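All remarks here apply to the structure that follows.
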Amino acid sequence: MTALSTPLTEWHKEQGAKMAPFAGWDMPIQYTGIIQEHEQTRKSASIFDICHMGEFIVSGKGAAEGLSRALSTNIATLAQGRCRYGFLLNEQGGILDDLITYCLDDEKYLLVVNAACIDLDYATIAQRLPAGVKLDNISPAVAKIDLQGPASLEALAEVLPSDWQTIPYFGFRQTTFDGQKALVSRTGYTGELGYEIYIPSGKAVKMWELLLSSPLVKPAGLGARDTLRLEAGLPLNGQDLDPGHTPAEVGYAAMLTSQADYVGKNAAMQIRQVLTALTVPGRRSPRHGNKVLLPDGTEAGIVTSGSFAPTLGYAVALAYVDKAFAGKDKYIIQADRTQLEGTRVELPFYKEGTARKKLV
């Protein structure tokens, strides 16, 4: 099966990016190197091609009420100009996808979903919405570029002048770019100050190159995006989030504030396993699927994400640990040919991120 391309795929190839399949798309994994791109994002600013993500518009009378039943997101308290993280759950409270909901206007919402889940999400949400509420998949028409890093505000203002500092964390503004509608939100997936830019697909290359005209900005691939999000303690759908685990097991019970009777609500607070943060000394990192043991050899869980953390200088991992064994201080991770010592810590691993920095 031929991999899908984003509007920026040819640009990446022309610049010598290392490409690889991701969620059915041909995506850039790195340009100069994962660690260099990781450090660039932590110290200055990087742009990421996230055009593979999906975007839906939900509109019409009853859209808010319908979404409140379809998603775990608290739609009732979501104000215009703000966005909120939440979940699409199955009847058992398991996570089909994690997504962000943007309140564009009264009874009009933008949903941003994961690339591998576009078709499933669309079918599931469409089935849950009441008659008269319209669901449009606008993904092919939308390009998404993420500008991330402590210098992202300065870089954005250089190329697209505005008072972007007034956008609050998880807020957004509708604007224009090159004569067409655009949206800029103060969100991201790196733990740093950042902005996600939504523009028409045909404007992607122009925006990308405009952002790169700033000396503060360099391109980064999905490799660095993964190490950045893991240091920030952010889960990845399909690895740390899956239909067999609930939001409460991920540690997100506090987000379940919706009073609506949404699908999966009764089971969403169930905890059978606990997503646990582990640090591992040295550069050798645990891998997805590695078993987690107690010091006496008792099998306790399984690693979902693991990597060397460039900013911290040691390896980190997320792992589901059985409820009966959660809360221990020490674990053993059974890697391919060795055992690694894991120490439980509180998230995020990297605590100096600028994502929530006050700008005004």
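Structure summary
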read-out: Verdict on residue 178 being open to solvent by 10 Å² or more (accessible area, probe 1.4 Å) and of a type in the set (Asp, Glu); value: yes
read-out: Residue in region 16-27 that is part of a loop (DSSP other than H, G, I, E, B), within 27 Å of residue 193 (Cβ to Cβ) and either open to solvent by less than 50 Å² (accessible area, probe 1.4 Å) or touching a residue at least 60 places away in the same chain (Cβ under 8 Å) (or both) present; value: yes
read-out: Members of region 1-15 that are open to solvent by 90 Å² or more (accessible area, probe 1.4 Å), part of a loop (DSSP other than H, G, I, E, B) and free of Cβ contacts under 8 Å to residues at least 60 places away in the same chain; value: 1, 2
read-out: Some residue of region 210-218 being open to solvent by less than 40 Å² (accessible area, probe 1.4 Å), β-branched (Val, Ile, Thr), in contact (Cβ under 8 Å) with a residue 60 or more places away in the chain and under 21 Å from residue 348 (Cβ atoms); value: no
read-out: Qualifying residues in region 43-98 (those that are of a type in the set (Phe, Trp, Tyr) and farther than 18 Å from residue 127 by Cβ) - the one surrounded by the most Cβ atoms within 10 Å (Cβ to Cβ); value: 48
read-out: Candidate set from region 321-340 (those that are among the β-branched types (Val, Ile, Thr) and open to solvent by 30 Å² or more (accessible area, probe 1.4 Å)); member that is modelled with the lowest pLDDT; value: 338
read-out: Members of region 125-161 found to be open to solvent by less than 10 Å² (accessible area, probe 1.4 Å), aliphatic (A, V, I, L, M) and out of contact with any Phe, Trp or Tyr (no Cβ under 8 Å at 6 or more places or on another chain), listed by number; value: 155
read-out: Answer from 122, 109 - the residue that is surrounded by 22 or more Cβ atoms within 10 Å (Cβ to Cβ), of a type in the set (Ser, Thr, Tyr) and modelled with pLDDT of 95 or more; value: 109
read-out: Qualifying residue in region 162-172 (condition: open to solvent by 30 Å² or more (accessible area, probe 1.4 Å), under 17 Å from the mean Cα position of the chain (by Cα) and either of a type in the set (Val, Ile, Thr) or under 19 Å from residue 6 (Cβ atoms) (or both)); value: no
read-out: Sole residue being in a loop (DSSP other than H, G, I, E, B) and either touching a residue at least 24 places away in the same chain (Cβ under 8 Å) or among the small types (Gly, Ala, Ser) (or both), chosen from 306, 289; value: 289
read-out: Test set (1) among the β-branched types (Val, Ile, Thr); (2) within 21 Å of the chain's Cα centre (by Cα); (3) open to solvent by 40 Å² or more (accessible area, probe 1.4 Å) - residue 271 fails condition number; value: (2)
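The values are calculated or read from the model by the stated rules, or taken from the named source; none is laboratory data. This structure is a prediction, so every number in the text was calculated from the model and none was measured. Reconstructed Cβ throughout: ideal geometry from the backbone, glycine too, with neighbour counts over all protein chains shown. Surface areas here come from the heavy atoms of the whole protein model, side chains and all, with no ligands, DNA or RNA. Shrake-Rupley method; radii C 1.70, N 1.55, O 1.52, S 1.80 Å.
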